[in-house]
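Colleague: Sharing a structure, written as structure tokens. Questions coming.
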């Protein structure tokens, strides 16, 4: 069984269209075990109840943004080691530095291509096939 068949992913984004683009990108890679959340609060609750291997989260969301979500995840004993990709339309040095400091595994700029998404995921978990 290929890794893509075993991989559990959560997509977190406050914009439904962005969430769906990310989900469709994952599905185009053959990843089917996907949870979604509309914000950091919903994501954290779902993650504690049903952990995943990889979180793909938007950075800029109301109330609990991507960085606050990652801080909460990293502090939690059950889900603290979950791999994380941050999606952002503004990939500057401050974003990358903060992401690195928080233990984010990769930062991917929006808009992304399916091949860019695949490269970001495979840089963390290895070959999907």
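Colleague: Pairs please, first residue from region 104-129 and free of Cβ contacts under 8 Å to residues at least 12 places away in the same chain, second anywhere and not in a helix (DSSP H, G or I), Cβ atoms under 7 Å, 6+ apart in sequence or on different chains.
Modeller: 116/108; 122/128
Colleague: Same structure, new question: Mind listing whichever residues of region 1-19 are more than 13 Å from the chain's Cα centre (by Cα) and in a helix (DSSP H, G or I)?
Modeller: 3, 4, 5, 6, 16, 17
Colleague: Okay, next question. Being crowded, with 17+ Cβ neighbours inside 10 Å and touching a helix residue (DSSP H, G or I) at 6+ places or on another chain (Cβ under 6 Å) is the filter; apply it to region 108-127 and report the residue that is modelled with the lowest pLDDT.
Modeller: Looking at the filtered set, the residue picked out is 108.
Colleague: Another question, then. Kindly provide the set of residues from region 23-64 that are touching a residue at least 40 places away in the same chain (Cβ under 8 Å) and in a helix (DSSP H, G or I), ordered by number.
Modeller: 25, 26, 28
Colleague: OK, next. Among the residues that make up region 55-62, is at least one of them surrounded by fewer than 19 Cβ atoms within 10 Å (Cβ to Cβ), at pLDDT 95 or above and within 26 Å of residue 2 (Cα to Cα)?
Modeller: No, every residue in region 55-62 fails to be surrounded by fewer than 19 Cβ atoms within 10 Å (Cβ to Cβ), at pLDDT 95 or above and within 26 Å of residue 2 (Cα to Cα).
Colleague: Taking region 84-107, which residues are part of a helix (DSSP H, G or I) and either closer than 16 Å to residue 22 by Cβ or touching a helix residue (DSSP H, G or I) at 6+ places or on another chain (Cβ under 7 Å) (or both)? Spell out how you get there, then give the answer.
Modeller: Pass one, region 84-107, residues part of a helix (DSSP H, G or I): 93-101.
Correct list: 98 only.
Colleague: So, in region 72-94, of the ones that are more than 15 Å from the chain's Cα centre (by Cα) and touching a residue at least 24 places away in the same chain (Cβ under 8 Å), which residue ends up surrounded by the most Cβ atoms within 10 Å (Cβ to Cβ)?
Modeller: Once the filter is applied, the top-ranked residue is 76.
Colleague: Look through 45, 98, 22, 88 and report the one residue that is under 24 Å from residue 114 (Cβ atoms) and out of contact with any strand residue (DSSP E or B) (no Cβ under 6 Å at 6 or more places or on another chain). Before the answer, list the steps.
Modeller: Details: 45 fails: under 24 Å from residue 114 (Cβ atoms); 98 fails: under 24 Å from residue 114 (Cβ atoms); 22 fails: out of contact with any strand residue (DSSP E or B) (no Cβ under 6 Å at 6 or more places or on another chain).
Testing whether each residue is under 24 Å from residue 114 (Cβ atoms) and out of contact with any strand residue (DSSP E or B) (no Cβ under 6 Å at 6 or more places or on another chain) leaves just 88.
Colleague: Just to be sure before I move on: is residue 17 surrounded by fewer than 16 Cβ atoms within 10 Å (Cβ to Cβ), within 18 Å of residue 108 (Cα to Cα) and in contact with a helix residue (DSSP H, G or I) (Cβ under 6 Å, 6 or more places away or on another chain) in the structure I sent?
Modeller: no
The values are calculated or read from the model by the stated rules, or taken from the named source; none is laboratory data. Everything numeric here is computed off the predicted structure, so don't read it as measured data. Positions of Cβ are backbone-derived with ideal geometry, glycine not excepted, and every protein chain shown enters the neighbour counts.
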